[in-house]
Every structure is written in structure tokens, then in C-alpha cells.
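Chemist: Please find one structure pasted underneath; my questions will follow.
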Amino acid sequence: MSASKADAVVATPTQPPRKQAPSGARRASKPPRKPSGIVKSVTPYLLVAPAILGIAFLLFYPVVRNVMLSFQHYRFKQLISRSADYVGWENYQAVFKDDEFWEVTRRTFYFTAINVVAIMVISTLCALMLMKLGKTMRIVVLIGLVAAWATPVIAATTIFKWLFRSDNGVVNWALVKLGFDYEGYTWFAHGTSTLTVVTLLIVWQSIPFATLTLYAGLTTVSTDVYESARLDGAGPVRIFSSITFPILRPIFALVTSLEVIWIFKSFAQIWAIAGENGPINDVRTLPVYAYQQGMSLKLFDMAGAISTITVLILVVMLVFYFRQMFKQEREADK
Amino acid sequence: MKRRLLVAAGVAAALTGVAACGSDSSSDDNKKESKAPGASAPAAGNGKTVRVWLMKGSAPDDYIAALKTKFEADHPGAKLDVQIQQWNGIGQKITGALASNDAPDVVEAGNTQIAQYGASGGLKDLSSKVNELGGKDWLTGLSDPGKVDGKTYGIPFYAANRVVIYNKDLFAKAGITTPPKTRAEWLDVTTRLNTGDQQGIYLPGQNWYFYSGLLKDEGAEIATKSGSAWKANLDGAPAVAAAGFYKQLQALGKAAKDGDEKTQPEVLAADGGKIAQFIAVPGEAETIIKSNPALKDKFGFFPIPGKDASKAGATLTGGSDLMVPEASKNQDLAYDVIKLINSDEWQSKLAQATKQLPNKTTLASAVTADPGGAAMMEGAKNGFATPNSPNWASVEENNPIKAYLTKVMTGGDPAAAGKEANGSIEKTLNTKN
């Protein structure tokens, strides 16, 4: 959905290279072939067909199936008998009547907001720092970022779970050494402390992508602009707010929207940390709630309704967002 | 709503009928034979393979090998293929198997799990076989959870309940000659054993099996049915008292307050004799000794102490049942496997080999000679089962009692935490399928 838009957005600050690339490609493909009409018109479709089929099978089919499920009465019995009745909006009505759903939805929004703000602030600072660092340190930091990014989600989650163990976790040990009363503190006993750990984990996992993207954007801004700003007596804060941010606004917008998607749909971290022994009912967000209803309670229909609602919320948020963005872009072009 | 449900049920019934017909065609000849007079004659083999799923640790390898030899001798041409399953993620695996066209023929499942599979329509109704199998002597802790609406879907396999396993050396060193018989004595003994780097008891904060026994001793159950609705009881005075005792006992060791008993065998095996007691089924002692032979002959057993000395603490009956999926293609042979395992001879053999309780009260002598078995029998007298609802398995799948216990262990208000857990349990149990 966002791929083509993403390309367009990324391309804005780096226009010259993009303009060259396609023309070069066209020139290369022109001379040798003289295909006939039909072959010429069919070939591109044949070439993309496998990709389209793959996406249709792996993405569209499950989505359609999920939406269908949400309009059926589909539970364990129906799974075994393989027949289910359509019940209209019954599942949606049940979901909306449930206080649990609203509590979870509220938590999902707060959780997303806190995480995205933290990620964007820290990543921006990291990216700005990278610009100022000398070559060696910059490479060291980049390696660190890439390593954090390359750590598989479940591996990272398991490591965090160990770090915060109550009996022999490194975090409690360090806090005790520093003089805090954290002897045997159980991080995963309460909703707030569990969510704190999950937030730390997710922010840590997200920073590399955001930082590297913003850093890539920063490197495209011509140094002349900064120099003249500095000559005019602008301080670092002023430079950022009046030059860097406005120029890179599309990149900031893109990274923010990607992070919103990423956090809103984050599941593995929360489930792996709190699913089995933690206070899962106090920390579940919408995707976790959908999974819980479907896989644990075998209410596949409710899970279908909740996940469809989750997708719709995301779409609405992002459509609103993209419209805003394109409006700004159009104004900027005038 | 109601009519729709009826229609759904009708369609479901019709479809299962179709499915059953489909799978019968391949075993038509077996059908005829088993319907002939003398229905107990073994079903014919005809080159068929009977697939049996047993859980890890349910039966030792040589028992399985002997069972295979015996079954194949009785059914010339048939093959018995026993596949050992891991506990982790077994629920989803069985669900998938029941919904498939290619289900195994016999499946073992935990006694608290059967009802949901039975209610789903994925299991063969075995009610007509109960008499032939001697069902009146079955342990009710195994046979009751195997029933849904009076129909039997699970045939008792074996039972086990939790006892206290103690380190005999550490007890002797502390001068304790008789195991505690009351909760007060137990706390006293455990406090004396909890010195230095030695732990009085290794009790993870989330052992809800143990907790539900304490609750039962206080006169309450996790959930009770009044009318058509379930009500959970984790916020009342009995629950507060049970949680209070658990917390006191738990503090006399170093086990994590936010963990369950899953890694207990590994902890005990790595321990090297610094843990004085732990709560487990007696068979776990064997598992621990296998990975750390230095602990051989160190373990003694006593039943979980009751509130007073008159009787042992109540224990949740754990164990397994055997079931035949509706989608099995060899249902007659599957039943013959169950019949063989259910026979007195093979039940006694299994009990002696695994130190678990046989499925019939009449076979108790097979284990009482063993100290672990004796302690287990003592506790089994006061045994009970989880709430008999097809939805109970869903409660366990996402067990709110664990989070509740951790909250209480870490100083939370037991009544408030209990109320929260009640809400979750009631919602799940009262969900209509």
C-alpha cells in the first residue's frame, strides 16, 4: 500500500539521482528488441504475475478470509465441522459492547503514542549526533545500530526477559549495586512495569531504522545552507527548527508513519514477555487481544472482528495522515 | 440467535455424519466384523497402521515396545505407530489434527482438556464402551472431565497428583524425623530448613495446581456453577486465606514469584542438594535423578499437609485420558488399542514403570508399595477436578490465576487481584460456543 508513496516521499529531497536512473534504464532496454504487438503488451503482465499471485495468496486471501470470518459465527465447533453461518454484524456488536475492547483500544493508542514520540526524539538526536561524529566513532555507532536492528525479534525479547528477571536478572543486580532497593523486584508482576520493559525493548529495536533513515536524509542537505545560517548567527536549535526539520519534513513524516504502523501492530514482544507468566490482561494491545481471543479462547470470529477493526483504525489514521502530507507537499510545490 | 444456533448445530451434525461416512468406507470390513456377535473380537489389521499420540513422559520406551508387540500379535497385519508428542503447544496441534482429514487414531490429552475437544464435535462418542472397559471403577478425577453432557469422550489413561518431595539428608541433618502433618507443622519445619544458602522449599509463585488444593481445603473451588452461569471464587475469604498461606510458604525459599513450575526439574537437577522440599508429582523425582544421578536415593515423599492432621491436603487430580478423533480412519483398531491399555495387566505395568496412578481404584496396590505412590494415594483420597466446562481449557490456555498469584506474592491486595482474575475466568467460562 505505502510502497509507491514511500518511494515518492523519499525521493523528494534527493531529486537529481532519481531523475537520472529511469532514463538510463530506458536507454539500456531500447535498442536490441523488436517484439510483436501482443508479446509486447502481455510480457509485463507475465513478468509481474508471479509476484502478484504470491501477494494475492499470502496477503489478500488471508485478509478476505479474515473479514469473512468476522461476519460468521466461527468457533471451535465450526472449525471441526467446517461449516459456519453468517451472522451479520453480531460479532462487531459484541466487540463494541465489551468494556474490555475499549480498555484495550485506549491502551493501544497511549502505548503507540509514547513509543513513537520516544523513538522519534531519540532517533533524531542520534542522527544529528552521527553527523557530528568523526569517522571512526561514526562507524562504531553505525555498527551498533545495525547490530541492534539485525537481532531477531524473539531473540531480543528473550534477552530482555532475562535481563529483567526477578531472581538473577542483570538489571536488578545493577540497580542494587547502584544503591537502589531492587532486590528481587518482579518487573513482570504488574502491568505498568511490564509495559515499561516492553517499551524499552520496542524503542531499542526501532531506533536503528529511524536513525539510519533520518541520517540518510540529513546527509542530503547541502552544507551551504547550514553555513549561511551559522553566518547569520543561528544557534543549533534554531538551525534544526528552521532549516533541518522543514527540509526533511517528508522524511520525518514517513518515518513517523512507519513507526506508528510498527508499534500499533507490535505483537511478538508483548506476547513473548507477558503471554505465559505475565499480567497479559493488563498489558495487551489490540493485536495481542485479537490473538488471545482467537488462539487461546478459540473465538475465531471475535478475533476476526477485532483484527479487522485494528486494520481499519490504522488505515483511517494513515489516510488522514497522507492526505495532510500531500496537501503540504502540493502547497510547497506552488 | 437460538434458531441460528440450532441450525448451526444441525449443519454440524449433518456434516460430521458425512465425515464419518467418508472415513468409514475405508474400514467397512472392520465394521462388519465388530458388529458380528461377540463384538469384543479384535478388529482385523489388513495392513493398516494405527497412529497413537502419547505425551512425553507418559510411558517408558520399553512399555511402548511391549505394547506394540502385543497389539501387532493380536492383530495380524496391523501396525502400531506410537508417536511421542511434546507438551509445549500441544493444544494447537491437537486442534489442528481434529480439524484435519488425517487425524491420528488415538490421542492422549490432559484430563482438563478433553471436554473442549468433546464439545467441539471432533471426538468419537465412546459412551457405549464404558461398561465393557470397567468404567465404574475408574478414578472420577479422570472419567468426569472426560464427559460432556453425560457422554464419554475420554477414556482414563493414568493419574498423578502432587505431593511434597523432600531431601532426606537435609531433613535428617535438621533433626526432622516425621514429615509434617498439618500446615502449621509444615511452616515450622520449612522455616527451620530455610537457612543460609539452603532453601526450605522451592515453590515458584505460579503453581496454581497447588493453590487450587489450598483453596479447596479452605472450602472453596476456583469456579462453581450456579444455574447456567459460572461464578469464580478468587476474591472471597477462602481465597485470601489460601493465598496468604501460599505466600508464607513461598517466602521460605528462593524460587521466582513470577514463574511457574515448568523449569522445576532443571532447577532441582542443577541444585546439588540445597533445596529441602519441592512440590511435584512423584515421577518428577525420577526425571531429576536421570539428569543428576548424584541425587539418587535422596528423595522422600509425603502428602501435602492438610489444615489439620485428620486428613491430607486436597489435591487437583492431574493425568491423561485417551480419545479417538472423529476423523480417525481406523476407529475400531483405535478402540482396540485403548482397550488393551485400559486392561488391568497393562495398567498395572504402566503404573509400576512410571510411578503414576492406574486409572482404576481397584488397581491401587500396583503403586502403594512405592513411597511416592503411597504419598500420592493418600492425597488422591482427597482429590478433585477442575471446573467441568468445555471452556475450562481456554482458561488454562491463558491462565489468569498465574498473574493473580504473582500479584499476591509480590504484596498486592489479594481481594482486588482476585476480583480481576474472577472477571477473566467468568468471562471465559460463560462464553457460549
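Chemist: Looking at (1) in contact (Cβ under 8 Å) with a residue 24 or more places away in the chain; (2) on the phi > 0 side of the Ramachandran plot; (3) within 14 Å of chain A (Cβ to nearest Cβ), can you tell me which one residue B:419 breaks?
Modeler: Here residue B:419 clears every test but (2).
Chemist: Among the residues of the range B:283-297, are any assigned to a loop (DSSP other than H, G, I, E, B), out of contact with any helix residue (DSSP H, G or I) (no Cβ under 6 Å at 6 or more places or on another chain) and modelled with pLDDT under 95?
Modeler: Taking the range B:283-297 first, the residues assigned to a loop (DSSP other than H, G, I, E, B) are B:292, B:296-297.
Then drop every residue that is not out of contact with any helix residue (DSSP H, G or I) (no Cβ under 6 Å at 6 or more places or on another chain), which leaves B:297.
Next, only the ones that are modelled with pLDDT under 95 stay: B:297.
Among the residues of the range B:283-297, at least one is assigned to a loop (DSSP other than H, G, I, E, B), out of contact with any helix residue (DSSP H, G or I) (no Cβ under 6 Å at 6 or more places or on another chain) and modelled with pLDDT under 95, which makes the answer yes.
Chemist: Here's another thing I want to ask about it. So residue B:359 passes all but one of these: (1) surrounded by fewer than 22 Cβ atoms within 10 Å (Cβ to Cβ); (2) not assigned by TED's automatic domain parsing to the domain that holds residue B:190. Which condition number does it fail?
Modeler: (1)
Chemist: Can you pull out the residues in the range A:132-153 that are exposed (fewer than 14 other Cβ atoms within 10 Å of the Cβ) and assigned to a helix (DSSP H, G or I)?
Modeler: A:132, A:135, A:136, A:137, A:139, A:140, A:143, A:144, A:146, A:147, A:150
Chemist: If you go through the range B:179-218 one residue at a time, how many are under 18 Å from residue B:273 (Cβ atoms) and within 14 Å of chain A (Cβ to nearest Cβ)?
Modeler: Selection size over the range B:179-218: 4.
Chemist: Right, another one. Among the residues of the range B:111-156, write down those that are over 17 Å from the mean Cα position of the chain (by Cα), away from every other protein chain (no Cβ under 14 Å) and in a helix (DSSP H, G or I).
Modeler: B:127, B:128, B:129, B:135, B:136, B:137
Chemist: Identify, by number, the condition in (1) more than 14 Å from chain B (Cβ to nearest Cβ); (2) at pLDDT below 95; (3) exposed (fewer than 12 other Cβ atoms within 10 Å of the Cβ) that residue A:63 doesn't meet.
Modeler: Result: residue A:63 fails condition (3) only.
Chemist: Right, here's the next one. Return the residue satisfying two criteria in turn: it lies in the range B:52-108 and is of a type in the set (Asp, Glu) and closer than 15 Å to residue B:328 by Cβ, and of such residues it is nearest to the other protein chains (Cβ to nearest Cβ). Working first, answer last.
Modeler: Here is the first cut: in the range B:52-108, the ones of a type in the set (Asp, Glu) are B:61-62, B:72, B:74, B:81, B:102, B:105, B:108.
Checking which are closer than 15 Å to residue B:328 by Cβ leaves us with B:81, B:102, B:105, B:108.
On the way: B:81: 24, B:102: 14, B:105: 17, B:108: 19 Å.
In this case the residue turns out to be B:102.
Chemist: Let me ask another. What residue, among those in the range B:365-415 that are polar (S, T, N, Q) and farther than 30 Å from residue A:185 by Cβ, is nearest to the other protein chains (Cβ to nearest Cβ)?
Modeler: It comes out as B:394.
Chemist: Need a quick list: helices (runs of 4 or more DSSP H) entirely within the range A:245-312 having at least 3 residues that are within 13 Å of another protein chain (Cβ to nearest Cβ).
Modeler: It comes to A:268-274, A:280-283, A:286-291.
Chemist: Here's something else I'd like to know. Filter the range B:90-110 for residues that are in a helix (DSSP H, G or I) and touching a Pro at 6+ places or on another chain (Cβ under 9 Å); which is nearest to residue B:156 (Cα to Cα)?
Modeler: Among them, the one singled out is B:94.
Chemist: Restricting to the range B:242-260, name every residue that is within 23 Å of the chain's Cα centre (by Cα) and more than 11 Å from chain A (Cβ to nearest Cβ).
Modeler: Residues satisfying the conditions are B:242, B:243, B:246.
Chemist: Taking the stated definitions as given, is residue B:224 over 27 Å from residue B:310 (Cα atoms) and either out of contact with any Gly (no Cβ under 9 Å at 6 or more places or on another chain) or part of a strand (DSSP E or B) (or both)?
Modeler: no
The values are calculated or read from the model by the stated rules, or taken from the named source; none is laboratory data. Small disclaimer: the values here were computed from a predicted structure and weren't measured. With ideal geometry, Cβ positions are generated from the backbone for all residues, glycine too; neighbour counts draw on all protein chains shown.
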